[in-house]
Amino acid sequence: MLSPIEADLVRRDPAVPGLATVLDNESFVAALRRAAPQVDLRSAHITYLQYKPQRYARVACQLDLAGAELDLDVRACRPEDLARRLEDGGLASVAGPLGQGRIVLQDQALVVSVFPNDLRLPALQHLGDAVKRKRVLRELVPDCPNLWEGELRRLRYRRERRYVAELRAADDGRALVKAYTQTACIRGKRNAQAFQSRGLLRVARLLGHSESHRLLAFEWLRGRLLLDFCTGPKMDCDALTGTGAALATLHGQDSADLSCWTRETEAADLLSLSAEVGFICPQLARRADALARRLAGQLAAAPAQHCALHGDFSASQVLVDDDTVAIVDLDWACYGDPADDLGNFIAQAERNALRGILAPRRVELLKETLLNGYASATKRPLPERIDLYTAVEVFRRMRFPFRGREPDWPQRTEALLHRAEQIFNALA
């Protein structure tokens, strides 16, 4: 059943007639049962929601089919876009427990695709078949024959964007395999070759690539996730200090051919986000717009920076081993302001504190320890604008509660806005 705020959202967006169905698990299950009455469909759970007001809503969903899990991608679009969407998608060639690989609910302009059918990640259909997978892996990692008959364990999947899996061989050899869109594969390969392990810092070596299948294979890096050190019973300050030093080493590399995250792009992103949040939570629209413009103004007035960045740096992107710190997932690496990486890391801690995952008093200790490690490695003053970027990145996280379908997502969205306002106002 839709909450009052969700019912109001549906009322204000008649352009997407299937929006009410994808927001309500019970309605979605009922619609699927009508389309596939032969299956024992018990429940559905939304794991991710991407919403562009008055254009489309995309949902990642897990079904319970007679006790087994099945992953679906559901796209609710405008009726006038449905024909083009079906034409672009072609035929779903891999059937599944629902019978067909794709179900179309014409009256609601809904397209339901069953994994591994993915228009922009066609390699998934090959990786899911044992015979085809071996041929693909021979092409992907020709110098690692022990991996050719390995098994894949999915780690992350974002429909039509990226698939990440652990590839494990019988001899326990391992690699990380990523499937990309065409453009992202080019960027991912370029970024993977832009950085080198140096000193404390480790980055995963590129083991192989397949342009035809849009696949990259990386060295498997061992270590414990830094996020566990941050949120455990006792925070490991040495791990955080080492992380700061490793990030400084990454920032200090002269990496060629990275894209640029410009001041103009930063400002446009903030204004677009404020419009999105303002539509979803109209009671926050004025505050979100006002803060977005103030943040964008501060960034526009700052000098351009040309430092090699991770681009999405957080405690979820760091693996700590005995004597090394691995910084992983360089797909969004770019040139920009080094304060952005540092601010993004701190912003994750701020959000975790708001969610009750991290004690609020730890946020300042985490920040201080990370920055001490960074400054010790560079032997220079810290980058300017770290607090500004912390406010920016907390603000950007305002879309996360709705996207993740978190309980009390309107209140959590407002809490993030309030915290971003507090951090920004403290700059004065």
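Miscellaneous remarks
- Inside the range 157-178, residues that are within 27 Å of residue 324 (Cα to Cα), touching a residue at least 40 places away in the same chain (Cβ under 8 Å), buried (at least 16 other Cβ atoms within 10 Å of the Cβ) and not hydroxyl-bearing (Ser, Thr, Tyr) make up a count of 6.
- If you go through the range 197-241 and pick out every residue that is of a type in the set (Gly, Ala, Ser) and over 30 Å from residue 139 (Cβ atoms), you end up with 3.
- Of the residues making up the range 38-58, those that are of a type in the set (Ser, Thr, Tyr) and farther than 23 Å from residue 272 by Cβ are 43, 47.
- Identity of the residue in the range 30-39, open to solvent by 10 Å² or more (accessible area, probe 1.4 Å) and in contact with a strand residue (DSSP E or B) (Cβ under 9 Å, 6 or more places away or on another chain), that ends up farthest from residue 106 (Cα to Cα): 39
- Count - residues of the range 40-60 that are in contact with a helix residue (DSSP H, G or I) (Cβ under 6 Å, 6 or more places away or on another chain), open to solvent by less than 10 Å² (accessible area, probe 1.4 Å) and either in contact (Cβ under 8 Å) with a residue 40 or more places away in the chain or of a type in the set (Lys, Arg) (or both): 2
- Any hit, the range 230-249, residues being open to solvent by 50 Å² or more (accessible area, probe 1.4 Å) and over 30 Å from residue 197 (Cβ atoms): yes
- Entirely in the range 359-428, the helices (runs of 4 or more DSSP H) that have 1 or more residues that are within 22 Å of the chain's Cα centre (by Cα) and more than 22 Å from residue 297 (Cα to Cα): 400-403, 409-425
- The set of residues in the range 281-292 that are open to solvent by 10 Å² or more (accessible area, probe 1.4 Å), over 13 Å from residue 395 (Cβ atoms) and either in contact (Cβ under 8 Å) with a residue 60 or more places away in the chain or not aliphatic (A, V, I, L, M) (or both) comprises 282, 283, 286.
- Verdict on residue 308 being over 30 Å from residue 413 (Cα atoms), modelled with pLDDT of 95 or more and aliphatic (A, V, I, L, M): yes
- Selection over the range 303-315 of residues that are surrounded by fewer than 16 Cβ atoms within 10 Å (Cβ to Cβ) and touching a residue at least 12 places away in the same chain (Cβ under 8 Å) gives a count of 2.
- Exclusive hit being without any contact (Cβ under 8 Å) to a residue 60 or more places away in the chain and within 22 Å of the chain's Cα centre (by Cα), set 63, 2, 86, 19: 63
- Leading residue by the ranking (surrounded by the most Cβ atoms within 10 Å (Cβ to Cβ)) among those in the range 252-273 that are assigned to a helix (DSSP H, G or I) and in contact (Cβ under 8 Å) with a residue 40 or more places away in the chain: 270
- Filtered by the rule that a residue be more than 26 Å from the chain's Cα centre (by Cα) and open to solvent by 50 Å² or more (accessible area, probe 1.4 Å), the range 119-147 gives 129, 130, 131, 132, 134, 135, 138, 139, 142, 143, 145, 146.
- Yes/no for residue 337 being farther than 30 Å from residue 56 by Cβ, over 21 Å from the mean Cα position of the chain (by Cα) and not hydroxyl-bearing (Ser, Thr, Tyr): no
- Single unsatisfied condition, residue 159 versus (1) within 25 Å of residue 311 (Cβ to Cβ); (2) modelled with pLDDT of 95 or more: (2)
- The range 376-428, residues that are open to solvent by less than 30 Å² (accessible area, probe 1.4 Å), aliphatic (A, V, I, L, M) and over 18 Å from residue 284 (Cα atoms): 386, 388
- Residues that are among the β-branched types (Val, Ile, Thr) number at least 3 in none of the strands (runs of 3 or more DSSP E) confined to the range 315-356.
The values are calculated or read from the model by the stated rules, or taken from the named source; none is laboratory data. Note that the coordinates shown come from a computational prediction; the quantities given were computed from them, not determined experimentally. When we count neighbours, we look across all protein chains shown, and the Cβ atoms used for this are built from the backbone with ideal geometry, even at glycine. When the accessible area is computed, the model is the full protein with side chains, heavy atoms only, and any ligands, DNA or RNA have been set aside. Shrake-Rupley method; radii C 1.70, N 1.55, O 1.52, S 1.80 Å.
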